[in-house]
Amino acid sequence: MSELFRSQVEMFAEPKQGTVTQTIAPYQRGRVKAMGSYWPAEFYQATEQKHLPPDAPILIVGIRDITLLVIPVS
């Protein structure tokens, strides 16, 4: 298959902070505000079983295409 259709994951050296604007749930993308803009986001670990409601703080650990990969702030 062509390289054009492969998703590349880029992990950040330092996590970045953000805030949920649309609920993120297991296996369901949401949206976050981070780095001065709004982004689609999903859990970094597919097995995460939390629901993150709007205004919940998150850490961004990477990006796949235009989707941020996030973890909850404990």
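Quick one: what do you get for the chain if you divide its Cα Rg by 2.2 N^0.38 Å? Mind showing how you got there, number by number?
Numbers: Rg = 12.1 Å, N = 74, 2.2 N^0.38 = 11.3 Å.
It is 1.07.
Dividing the radius of gyration of the alpha carbons in segment 31-74 by their Kirkwood radius gives 0.92 for Rg/Rh.
Return the FRET efficiency for the residue pair Q17, Q49: r is the Cβ-Cβ distance, R0 is 30 Å, and the value is rounded to the nearest 0.05. Present the calculation step by step, with values, prior to reporting the outcome.
On the way: r = 22 Å, r/R0 = 0.75.
My answer for the efficiency is 0.85.
Rg/Rh for segment 13-56 stands at 0.95; both radii use Cα atoms, and Rh follows the Kirkwood definition. Accessible area per residue for the chain is 68 Å², calculated with a 1.4 Å probe on protein heavy atoms, without ligands, DNA or RNA.
State the percentage of accessible surface on the chain attributable to carbon and sulfur atoms; use a 1.4 Å probe and exclude ligands, DNA and RNA. Walk me through the intermediate numbers first.
On the way: 2640 of 5020 Å².
Heavy-atom surface of the chain belonging to carbon and sulfur, 1.4 Å probe: 53 percent.
Phi-derived couplings, Karplus 6.51 cos²θ - 1.76 cosθ + 1.60 at θ = phi - 60°, listed residue by residue for segment 44-55: 5, 9, 4, 8, 4, 10, 8, 10, 9, x, x, 6 Hz, with x used for Gly and Pro.
What's the magnitude of the charge dipole for the chain around its Cα centre, counting Lys and Arg as +1 and Asp and Glu as -1 at the beta-carbon? Answer in Debye, nearest 20. Intermediate values should be presented prior to the final figure.
Working: 7 positive and 7 negative charges, 30 e Å.
Roughly 140 debye for the chain.
Remark: relative contact order (the chain) = 34 percent; criterion is Cα-Cα distance under 8 angstrom and separation of 6 or more residues.
The values are calculated or read from the model by the stated rules, or taken from the named source; none is laboratory data. On a predicted model such as this, the values are computed, not experimentally measured, just so you know. Positions of Cβ are backbone-derived with ideal geometry, glycine not excepted, and every protein chain shown enters the neighbour counts. Areas reflect the complete protein model, heavy atoms only, side chains present, ligands, DNA and RNA absent. Shrake-Rupley method; radii C 1.70, N 1.55, O 1.52, S 1.80 Å.
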